[in-house]
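The values are calculated or read from the model by the stated rules, or taken from the named source; none is laboratory data. Small disclaimer: the values here were computed from a predicted structure and weren't measured. No Cβ is skipped: glycine too gets one built from the backbone with ideal geometry, and neighbour counts run over all protein chains shown. Keep in mind that these areas ignore ligands, DNA and RNA; they rest on the heavy atoms of the full protein, side chains included. Shrake-Rupley method; radii C 1.70, N 1.55, O 1.52, S 1.80 Å.
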Amino acid sequence: MQVTLGDGVFPLTALAEGKNSTALALIRTGGGDPPPADVRPAELNGALAHYAVLRSAESARLAPRTPDVTCRLRLTGGMARYDWGINGQDFDMSRPGALQFLMAQGQRVRVIFANTTTMYHPMHIHGHTFQLGPAGPRKDTVIVLPGQQLACDFDAGNPGQWMTHCHNLYHAPQGGMMAMLSYQT
Ligand SMILES: [Cu+2]
């Protein structure tokens, strides 16, 4: 999207989804007084585009297919003990095979993230992109809301051992909420 600015001082305001906190920057192309710090552009009051209303472009869409393998990843842990994990396990870098999910090249893989925690987790996958639903968006990071269960499909066409992990780095610093997806040869 391209925005053409006129002459003046313009607010660039970001609104955090799920809470009312904002961040503000100013773009100055000319003279004039800045807007007040609590300026809130009316555009921020529109409806959020949830995954359910997004559609992938047909050229990027996975062909309809029943999954060959399903990986169930419960997102676990909490703030009190700071014990973020998957299926109750803290990923151990020295024993990556202890928390891995197996697949084979050519399979349609379904990953089901079940968020049992009270926080949202942006779950990232390496080497692939998820599709949500039969015609939903393709994404390499999906936000899983507290208490939500989200099914994400991909085609196993990139052999290797790939991590899937929470993209909040403080939930998966060198372990924590991460798991390995491993192709079997
Ligand atoms: Cu997280």
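Among 52, 60, 23, which is the only one that is among the hydrophobic types (A, V, I, L, M, F, W, C), touching a strand residue (DSSP E or B) at 6+ places or on another chain (Cβ under 8 Å), within 30 Å of residue 176 (Cα to Cα) and open to solvent by less than 100 Å² (accessible area, probe 1.4 Å)?
Unique residue meeting the criteria: 23.
Among the residues of the stretch 26-43, which ones are open to solvent by 90 Å² or more (accessible area, probe 1.4 Å) and part of a loop (DSSP other than H, G, I, E, B)?
Those that are open to solvent by 90 Å² or more (accessible area, probe 1.4 Å) and part of a loop (DSSP other than H, G, I, E, B): 33, 38, 40.
Could you check residue 147 against (1) within 13 Å of the ligand (Cβ to nearest atom); (2) within 18 Å of residue 83 (Cα to Cα) and say which number it fails?
Result: residue 147 fails condition (1) only.
Could you list, ordered by first residue, the pairs with Cβ atoms under 9 Å in which the first is in the stretch 96-119 and among the aromatic types (Phe, Trp, Tyr) and the second is open to solvent by 50 Å² or more (accessible area, probe 1.4 Å), at least 6 apart or interchain?
Final answer for the pair search is 101/72; 113/72; 113/74; 113/148; 113/149.
Would you call residue 155 more than 14 Å from residue 72 (Cα to Cα), without any contact (Cβ under 8 Å) to a residue 24 or more places away in the chain and open to solvent by 10 Å² or more (accessible area, probe 1.4 Å)?
No: the conditions fail for residue 155.
Can you work out which of the residues in the stretch 132-142 that are in contact (Cβ under 8 Å) with a residue 24 or more places away in the chain and in a strand (DSSP E or B) is surrounded by the fewest Cβ atoms within 10 Å (Cβ to Cβ)?
Among them, the one singled out is 141.
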